[in-house]
Amino acid sequence: MDINSSNIEQIVRQVLESMNGKTVAPAAAGAIPATAHVAMLTSLEKFEVKEYPMPTVGDDDILVRVEGCGICGTDAHEFKRDPFGLIPVALGHEGTGEIVKMGKNVKLDSAGKPLNVGDKVVTCMIFKDNPDITMFDLNKQNVGGADVYGLLPDDDIHLNGWFSDYILVRGGSTIFNVSDLDLDSRILIEPCAVLIHAVERAKTTGILRFNSRVVVQGCGPIGLICIAVLRTMGIENIVAVDGEDKRLEFAKLMGANAVVNFKNHKGVEALAGGVKDAFGGYLADFAFQCTGSPVAHSNIYKFIRNGGGLCELGFFINGGDATINPHFDICSKEITTVGSWVYTLRDYATTFDFLKRAKGIGLPIEKLITHKYPLEQINEALQTNLKMEGLKIAIVNK
Ligand SMILES: [Zn+2]
């Protein structure tokens, strides 16, 4: 018998197969399938999983096998009403996955870390004609001025969103090597960046400090992550306000040391009294408004002491007008307010550290992901999101 190297390989394969009882997986390079699956929103409340040929990977491009992607409020709005007029669109911007192929010019991520096949990555914004929008400049401009994968118009590549099994990250996009974070943490990077940004904005007032009394109104994912971010900064005196006891219990897990259910207080004066009691007889030094409710915005001024501060970040989309009394609410109390929306690129890098620190001090951040669905069940996943059941809902690929 003539034993050359190729039948040695064959023999090894056969031995391994007989040991595992299954076929040996093909080498990684050959593992990229000929087609990719993309959940396309083709009409209101209807995703269809479409199959497209795997695109050619250009010299500056990166092909990523998608592992998972969180569902954002923005996805839910687009699913229900198409406010951005994007249909047909490949949604999903809170995604992460593994590099399976890279163009020859790709060497480093946007923070200067080496990138290799097998690394776990997330993308942030895509620079268009203005490469210095937002680049590490905190107050210049947020991501609102750039594009992100998952909110792009469809094109002939189609692999433009993270609700898919493959995505083509094109040259000019920002990408980060986050191989040192687990899948759940990676899925939470994008929403966490929103809070890192909000807290950075809050710090510009000079009022938010480690020993501040802070009230967080609204305990959806955004409010809950807000509490966790404050906690990792060393702020311990946090009161959470919401109307659901279940969410308030979660707020305690994330680091709130007292909670107020607004349903137990009739009228805003009584509610402000409840907040004051929760702080042991003091109003808040600083408040974060994390709901999209105009009434909640109007109420929050009553929770803040004279000379205190407010960060409004709940009105991610237009939720209507809110009424305030300029004399009582802002002028005579000399309240400093900041608005916060999305994030800058710099906040992304800070977010990776936040996730590690949160774990380090024992905050169960990953519990925010309450539901996981496979790609084929994306319509059910979106309906679950619309019903406001659970907190963060994610699509996770096998
Ligand atoms: Zn989002």
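A few remarks follow.
- Taking other C-beta atoms within 10 angstrom as a stand-in for reagent exposure, Trp162, Trp341 fall in the order Trp341, Trp162, fewest first.
- Here Lys107 is the anchor, and the aspartates and glutamates within straight C-alpha reach of less than 17 Å, apart from those fewer than 8 places off in the same chain, are Asp59, Asp60, Asp61, Glu98, Asp119.
- Principal-axis tilt of helix 221-232 within the chain, Cα atoms, nearest 10 degrees: 80 degrees
- Of the residues Arg305, Arg81, the one with the fewest other Cβ atoms within 10 Å heads the list, and the complete ranking is Arg81, Arg305.
- Taking the longest Cα principal axis of the chain as reference, the axis of helix 189-203 is set at about 30 degrees.
- Point-charge dipole on Cβ atoms (K/R +1, D/E -1) for region 195-339, about Cα centre, debye to 20: 200 debye
- Those residues of region 217-243 whose amide nitrogen sits under 20 Å from the label point placed on Lys359, 7 Å along Cα→Cβ: 225-234
- The distance between label points at Glu98 and Lys367 comes to 3.0 nm (points 7 Å beyond Cα on the Cα→Cβ vector).
- Applying both filters, DSSP loop and at most 15 other Cβ atoms within 10 Å, to the GluC sites (Glu not before Pro) of region 180-258 gives Glu236, Glu244.
- Reachable aspartates and glutamates, given that their alpha-carbon falls under 12 Å from the alpha-carbon of Lys367 and they are not under 8 places away in the same chain: Asp184
- Rounded to the nearest 20, the size of the Cβ-charge dipole of the chain about its Cα centre is 1260 debye, with Lys and Arg at +1 and Asp and Glu at -1.
- Each Lys and Arg Cβ is given +1 and each Asp and Glu Cβ -1; about its Cα centre, region 298-398 then shows a dipole of about 440 debye.
- For the pair Glu249 and Leu386 in one chain, pulling the backbone fully straight at 0.36 nm per residue adds 47.1 nm over the alpha carbon distance.
- Among His327, His93, sorting on how many other beta-carbon atoms sit within 10 Å of each Cβ, with the fewest leading, yields His327, His93.
- Between the listed residues Pro55, Ser332, Leu375, the Cα displaced farthest toward the positive end of the dipole of the chain, a dipole computed from Cβ unit charges relative to the Cα centre, is found at Ser332.
- Top positive-direction residue, dipole computed over the chain with Cβ charges, set Tyr282, Tyr149, Pro364: Tyr282
- Pairs spanning more than 23 Å between alpha-carbon atoms, out of Lys46/Lys101; Lys203/Lys356; Lys276/Lys392: Lys46/Lys101; Lys276/Lys392.
- Computed over the chain, the per-residue total of -39500 (n - 2.57) for DSSP H runs of n ≥ 4 gives a 222 nm mean residue ellipticity of -8500 deg cm²/dmol, rounded to 500.
- Among beta bridges that DSSP assigns inside region 195-339, antiparallel share in %, nearest 5: 0 percent
- Whole-number percent relative contact order across region 256-348, with pairs defined as alpha carbons under 8 Å at least 6 apart: 24 percent
- The chain, Cα convex hull volume normalised per residue, Å³: 163 Å³
- Fraction of antiparallel bridges per DSSP, the chain only, in percent to nearest 5: 55 percent
- When only Cα pairs below 8 angstrom with a gap of at least 6 residues are kept, the chain shows a relative contact order of 17 percent.
None of the figures in this text is laboratory data; all of them are computed from the coordinates on show. This structure is a prediction, so every number in the text was calculated from the model and none was measured. When we count neighbours, we look across all protein chains shown, and the Cβ atoms used for this are built from the backbone with ideal geometry, even at glycine.
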